[in-house]
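Read through the structure below, which is laid out as structure tokens, and then see the notes.
The values are calculated or read from the model by the stated rules, or taken from the named source; none is laboratory data. Here the structure is a predicted model, which is why all the values come from computation and not from measurement. Reconstructed Cβ throughout: ideal geometry from the backbone, glycine too, with neighbour counts over all protein chains shown. Each accessible area value is taken on the protein alone, full model and side chains, heavy atoms only, with ligands, DNA and RNA left out. Shrake-Rupley method; radii C 1.70, N 1.55, O 1.52, S 1.80 Å.
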Amino acid sequence: SGVVSSPNVAAFSTSNAKTPIRWGIVSAGKISSDYAKAIAITKGAEVAAVAARSLEKAESFAHDHDIPKAVGSYKELFQDPSIDVIYIGSIANEHYQLAAQSLFVGKKPTVVEKPLTLNGKDTRNLLQLAQQQN
């Protein structure tokens with residue numbers, strides 16, 4: 001698992017992969033919408049699920065972006081065995097908590113929208129957690 005502070009879809013996708021990298025998106029706001037659109041045109045990648053604070057918001061986002069699965073719980077997304085990578089596009093003050101949950105609960109590579117965290121201590125803690133989760 002790892003933490004990447006800026007969105008770089010190409011870093012996780014490979015054009016030679018037989019099965020696409022399956023992304024899970026956390027949050028259903030504008031930046032997540034932009035990211036979903038980028039993944040949709042990236043060879044070797046697909047958005048497989050989205051989670052939002054409410055199931056209704058996740059379902060609306062999924063409908064707008066042709067995403068097959070919507071959930072109303074971030075933890076459910078983190079634990080979904082069909083998801084390869086998590087993208088966190090929430091508001092900045094939630095990045096640390098959500099990235100830590102993704103790494104600890106889901107044990108998945110996690111891409112966090114910038115800023116990664118709001119301070120150096122939280123950044124160091126996330127990097128340490130990512131290294132511990134390998």
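Among the residues of the range 1-35, what is the count of those that are at pLDDT below 60, β-branched (Val, Ile, Thr) and assigned to a helix (DSSP H, G or I)? Show your work before the answer.
Initial filter on the range 1-35 (at pLDDT below 60): 1-17.
Then drop every residue that is not β-branched (Val, Ile, Thr), which leaves 3-4, 9, 14.
This time we only want the ones that are assigned to a helix (DSSP H, G or I), so: 9.
Residues in the range 1-35 being at pLDDT below 60, β-branched (Val, Ile, Thr) and assigned to a helix (DSSP H, G or I): 1 in total.
Among the residues of the range 72-82, which ones are touching a helix residue (DSSP H, G or I) at 6+ places or on another chain (Cβ under 7 Å), surrounded by 19 or more Cβ atoms within 10 Å (Cβ to Cβ) and within 20 Å of SER60 (Cβ to Cβ)? Break it down into steps so the answer makes sense when it comes.
In the first step, residues of the range 72-82 are kept if they are touching a helix residue (DSSP H, G or I) at 6+ places or on another chain (Cβ under 7 Å); the result is 72, 74-75, 78-79.
Then keep just the ones that are surrounded by 19 or more Cβ atoms within 10 Å (Cβ to Cβ); that gives 74, 78.
If the condition is that a residue be touching a helix residue (DSSP H, G or I) at 6+ places or on another chain (Cβ under 7 Å), surrounded by 19 or more Cβ atoms within 10 Å (Cβ to Cβ) and within 20 Å of SER60 (Cβ to Cβ), then TYR74 is the only one that fits.
Mind listing just one residue for me: the one in the range 20-31 that is crowded, with 24+ Cβ neighbours inside 10 Å and touching a residue at least 60 places away in the same chain (Cβ under 8 Å) and, of those, farthest from ILE88 (Cα to Cα)?
So the residue we want is TRP23.
Count, please, the residues in the range 70-84 that happen to be charged (D, E, K, R) and under 18 Å from ILE21 (Cα atoms). So that I can check it myself, show each step before the final result.
To start, the set of residues in the range 70-84 that are charged (D, E, K, R) comprises 75-76, 80, 84.
With under 18 Å from ILE21 (Cα atoms) added as a condition, the list becomes 80, 84.
Qualifying residue count for the region: 2.
Conditions (1) more than 11 Å from the chain's Cα centre (by Cα); (2) outside any helix (DSSP H, G or I); (3) basic (Lys, Arg); (4) under 23 Å from PRO20 (Cα atoms), marked per residue:
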position	(1), (2), (3), (4)
LYS37	yes, no, yes, yes
ALA49	no, yes, no, yes
ASP64	yes, no, no, yes
PRO68	yes, yes, no, yes
LEU98	no, no, no, no
LYS108	no, yes, yes, yes
LYS121	yes, no, yes, no
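If we scan the range 57-70, do we find a residue that is closer than 10 Å to VAL26 by Cα and either open to solvent by 40 Å² or more (accessible area, probe 1.4 Å) or without any contact (Cβ under 8 Å) to a residue 24 or more places away in the chain (or both)?
Filtering the range 57-70 for residues closer than 10 Å to VAL26 by Cα gives 58.
Applying the additional criterion that residues be either open to solvent by 40 Å² or more (accessible area, probe 1.4 Å) or without any contact (Cβ under 8 Å) to a residue 24 or more places away in the chain (or both) yields none.
No, the conditions are met nowhere in the range 57-70.
Which residues, taken from the range 98-122, are buried (at least 19 other Cβ atoms within 10 Å of the Cβ) and either out of contact with any Phe, Trp or Tyr (no Cβ under 8 Å at 6 or more places or on another chain) or in contact (Cβ under 8 Å) with a residue 40 or more places away in the chain (or both)?
LEU98, ALA99, SER102, LEU103, LYS108, PRO109, THR110, VAL111, VAL112, GLU113, LEU116
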